[in-house]
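Peer 1: The structure follows.
Any read-out appearing in this document is the output of simple, stated calculations on the displayed coordinates, not a laboratory observation. All of these numbers come straight from a predicted model, not from anything done at the bench. All Cβ positions, glycine included, derive from the backbone under ideal geometry; neighbour counts span all protein chains shown.
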Amino acid sequence: MSPEYFCDRENEAELLLDNIQNNADTTLISPRKFGKTGLILHVFDRIVRENLPFKTVYVDIFSTLCLENFVTDLSEAIVEKFPEKTSIGRKFLRYIRNFRPVISYDRLTGSPQFSFEFQNVAEKESTLKGLFEFLNAQEQPVVLAIDEFQQITEYPEKNVEALLRSLLQQMHNIRLVFCGSKRKIMTEMFSTVGRPFFSSTKTLSLLEIDNDIYKAFIKERFGSGGVKVDDDTIQYVLDWTLRHTFYTQSVCNALYTTRSKTVTIELVNRVCAAILKQESVNYLQIRDLVTKGQWNLLIALAKEGCVQQITAASFLKKHKLGAATTVSHALKSLMEKELVLADYSLDGTCYRVYDVFLMRWLAAEYA
Ligand SMILES: Nc1ncnc2c1ncn2[C@@H]1O[C@H](COP(=O)(O)OP(=O)(O)OP(=O)(O)O)[C@@H](O)[C@H]1O
Ligand SMILES: [Mg+2]
């Protein structure tokens with residue numbers, strides 16, 4: 001994303017850069033679609049633009065199912081960063097051949113793709129070690145960002161965490177950024193005594209972008225496209241999207257594509273209704289995937305916005321949700337499905353529908 005489309009995150013970017021420059025590793029956590037990946041790529045961009053003495057590698061392991069996938073994705077991320085035509089890229093391709101991958105070339109992009117046929121665990125682990133050693137041996141320290149890091153807890157291999165930790169601990173020339181959206185799993189991994197990564201990083205939590213900064217940014221963006229919008233209307237958008245980055249971006253984008261010269265609250269309402277209508281098929285599918293009780297709890301949460309005392313008699317009674325234990329079970333299941341988000345703050349934990357559009361749709365549909 002070019003910098004003019006990137007709003008704020010100045011403190012977070014500074015903190016991340018500080019960690020990188022002070023030899024500290026970082027754990028970056030936020031709910032889905034808050035802007036973690038955007039922040040990492042923004043900081044990587046700054047490293048290039050400001051000519052800071054680091055190389056950067058970004059790997060997203062969301063779709064990996066096992067350590068072998070991790071090795072493949074990391075290899076491809078390294079090639080993507082250092083293409084064959086660069087000297088590091090050539091060195092890497094020569095180096096990786098030691099681990100006997102089958103190399104094919106993507107038909108569209110022409111970039112190399114690897115598949116490894118490991119005969120045993122030792123081979124797999126030594127390839128992984130080899131990849132880290134390659135990065136560690138670069139002249140400039142490498143910042144390695146591993147996105148959706150919680151995924152490693154799903155791998156079938158034993159002791160993946162311990163293996164990664166012990167390998168990475170030896171790589172003094174690699175700065176790590178572990179990124180994840182499942183707060184509970186990430187926190188357990190990095191903050192539980194006895195877990196391999198315990199206390200090995202500094203945690204950076206991404207929250208909503210500051211209201212006034214976001215407002216000014218949106219005004220400026222519309223303004224530079226010749227579109228008028230007043231402060232109340234922008235505030236209306238930010239309240240409707242709960243200032244969540246992805247939903248705010250989607251609504252603003254939809255407003256912009258109407259090509260209206262002035263954005264009014266009526267237009268916002270129309271555009272938001274159109275978005276919800278478009279999404280409704282997906283929401284009806286969700287309804288079929290959850291139990292009646294879970295669906296009713298989602299509706300209740302959507303109507304309330306955010307609920308702290310999920311088993312309080314008043315909440316249960318108001319929404320006819322039944323017994324507290326049943327609702328606790330439903331909540332647990334909805335959280336596992338990422339349909340409900342636990343918002344942790346100093347005032348306590350608050351539960352809300354994870355997807356803001358779904359929340360607005362439920363509240364409107366079951367009004
Ligand atoms: N600082 C920002 N300013 C403007 N838009 C942003 C900013 N950060 C992120 N976005 C937009 O918000 C959306 C979500 O961002 P991003 O993909 O970085 O989130 P994420 O936390 O990595 O999501 P996921 O959990 O799905 O990996 C994207 O459409 C992105 O363009
Ligand atoms: Mg991401």
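Peer 1: With +1 on the Cβ of every Lys and Arg and -1 on the Cβ of every Asp and Glu, and nothing else charged, how large is the dipole of region 3-205 about its Cα centre, in debye rounded to the nearest 20?
Peer 2: Dipole magnitude for region 3-205 comes out near 240 debye.
Peer 1: With the contact rule set at Cα under 8 Å and sequence spacing of 6 or more, what percent relative contact order holds for region 209-289?
Peer 2: Reported relative contact order: 28 percent.
Peer 1: Among the aspartates and glutamates, which fall within straight-line cross-link reach of residue 332, defined as a Cα-Cα distance under 13 Å, with same-chain neighbours fewer than 8 residues apart omitted?
Peer 2: By straight Cα distance, residue 332 reaches no aspartates and glutamates at all.
Peer 1: Compute the distance from the alpha-carbon center of region 1-61 to that of region 79-118, in whole Å.
Peer 2: Measuring centre to centre over Cα atoms gives 26 Å.
Peer 1: In addition: Give the percent of DSSP beta bridges with both residues in the chain that are antiparallel, rounded to the nearest 5.
Peer 2: 35 percent
Peer 1: Here's something else I'd like to know. Report the equivalent ellipsoid semi-axes for region 305-367 in whole Å, largest first, defined as the square roots of five times the eigenvalues of the gyration tensor built from alpha carbon atoms.
Peer 2: 17, 16, 12
Peer 1: Loop-only check: which trypsin sites (Lys or Arg not before Pro) in region 181-276 are DSSP coil with at most 12 other Cβ within 10 angstrom?
Peer 2: Filter output for region 181-276: 259, 261.
Peer 1: Return, for the Cα atoms of region 53-178, the radius of gyration and Dmax in Å, separated by a comma.
Peer 2: Values for region 53-178 (Cα only, Rg and Dmax): 13.8, 39 Å.
Peer 1: Could you estimate the translational diffusion coefficient of the chain from the Stokes-Einstein equation, with Rh from the Kirkwood formula over C-alpha pairs, at 25 °C and 0.890 mPa s, in whole µm²/s?
Peer 2: Using the Kirkwood radius from Cα pairs, D works out to 106 µm²/s.
Peer 1: Dividing the convex hull volume of the Cα atoms of region 220-359 by its residue count, what figure in Å³ per residue is obtained? Intermediate values should be presented prior to the final figure.
Peer 2: Values: hull volume 17.3 nm³, N = 140.
About 124 Å³ per residue, rounded to a whole number.
Peer 1: For residue 105 and residue 213, FRET efficiency with R0 = 45 Å and r from the beta-carbon atoms, rounded to 0.05? Before the final figure, lay out each step's value.
Peer 2: On the way: r = 45 Å, r/R0 = 0.99.
Efficiency computed from Cβ-Cβ geometry: 0.50.
Peer 1: Given a Förster distance of 30 angstrom, what is the FRET efficiency for residue 115 paired with residue 23, based on the Cβ-Cβ distance and rounded to 0.05?
Peer 2: That gives a FRET efficiency of 0.30.
Peer 1: Same structure again: Counting helices only, and only those DSSP H runs with n ≥ 4, report the 222 nm mean residue ellipticity of the chain as the sum of -39,500 (n - 2.57) divided by its residues, in deg cm²/dmol to the nearest 500.
Peer 2: The helix contribution divided over the chain gives -16500 deg cm²/dmol.
Peer 1: Over the chain, what relative contact order in percent results from Cα pairs under 8 Å that are six or more residues apart?
Peer 2: 17 percent
Peer 1: What whole number of Å gives the distance from the Cα centroid of region 153-202 to the Cα centroid of region 215-289?
Peer 2: Cα centroid of region 215-289 versus Cα centroid of region 153-202: 38 Å apart.
Peer 1: Could you check how many percent of all C-alpha pairs in region 113-187 are farther apart than 17 Å?
Peer 2: For region 113-187, the fraction of Cα-Cα distances above 17 Å is 53 percent.
Peer 1: Using only the alpha-carbon atoms, how far is helix 356-365 inclined from the longest principal axis of the chain? Give it as 0 to 90 degrees, nearest 10.
Peer 2: With rounding to tens, the tilt is 20 degrees.
Peer 1: Okay, next question. So which cysteines in the chain don't have a second cysteine's C-beta under 4.7 Å from them?
Peer 2: 7, 66, 179, 252, 272
Peer 1: With the contact rule set at Cα under 8 Å and sequence spacing of 6 or more, what percent relative contact order holds for region 3-205?
Peer 2: Rounded, it is 32 percent for region 3-205.
Peer 1: In addition: Structure shown: which of 55/219; 91/129; 33/277; 184/277; 55/184 lie over 27 Å apart, alpha-carbon to alpha-carbon? Mind showing how you got there, number by number?
Peer 2: Numbers: 55/219 35 Å; 91/129 17 Å; 33/277 21 Å; 184/277 33 Å; 55/184 31 Å.
55/219; 184/277; 55/184, as the Cα separations exceed 27 Å there.
Peer 1: P(r) tail for region 209-289, what percent of Cα pairs lie past 15 Å?
Peer 2: Summing the P(r) of region 209-289 above 15 Å gives 56 percent of all pairs.
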